[in-house]
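To start, the structure under review is shown below, and the notes come after it.
The values are calculated or read from the model by the stated rules, or taken from the named source; none is laboratory data. All values derive from a computational prediction rather than experimental measurement. All Cβ positions, glycine included, derive from the backbone under ideal geometry; neighbour counts span all protein chains shown. Protein only, heavy atoms only, side chains kept; ligands, DNA and RNA dropped before computing areas. Shrake-Rupley method; radii C 1.70, N 1.55, O 1.52, S 1.80 Å.
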Amino acid sequence: MKATFKMSDLGLLHYYLCLEVSQTEAGITSCQSSYAAKVMETASLTGSNPSTMPMEPRLKLNKVSSAPAVDPSMYRSVVGSLRYLVNTRPDLAYSVGFISRFMENPTTEHLVAMKRVLRYVAGTLHFDCY
């Protein structure tokens, strides 16, 4: 490709679009720990108590709820950030997909479920994808 196009070699990839990449003899790992920390800061949950599970077992939530409504733009923003975090954290896929169902009209019940996922992220901040 260098013969056809004018280009320069920047070396091994280390950081790209909030994706931290480590290339060693043992293999390639990727993580988004700094991005996850930013998401925690955005949600004002820095220093919160970590959770051992991303979601309560058998959690049932409905789109129509009598609980008070919350700011939908904040909820959508944080859930969107969590959806991007799923790229390197497949352990979050089900719980983030579940809370994504309620982005149209989020209530405090949905916010509690989202905060539970964020508390799990806080406890597993440095998980890598191999």
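Overview of results
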quantity	calculated
For the chain, accessible area per residue (1.4 Å probe, heavy atoms of protein chains only), Å²	65 Å²
Sparse-neighbourhood loop sites, GluC sites (Glu not before Pro) in segment 34-130 - DSSP loop, at most 16 other Cβ within 10 angstrom	104
Loop-located chymotrypsin sites (Phe, Trp or Tyr not before Pro) in segment 2-62, at most 13 other Cβ atoms within 10 Å (DSSP)	5
Calculated on alpha-carbon atoms, Rg and Dmax of the chain in Å	17.9, 65
Degrees, to the nearest 10: 72-85 long Cα axis against longest axis of the chain	40 degrees
Percent accessible area from carbon and sulfur atoms, segment 1-125, protein chains only, probe 1.4 Å	56 percent
Most mobile of 37, 26, 69 in a GNM of the chain (Cα contacts under 10 Å)	26
Relative contact order (%) - criterion: Cα under 8 Å, at least six apart; region: the chain	35 percent
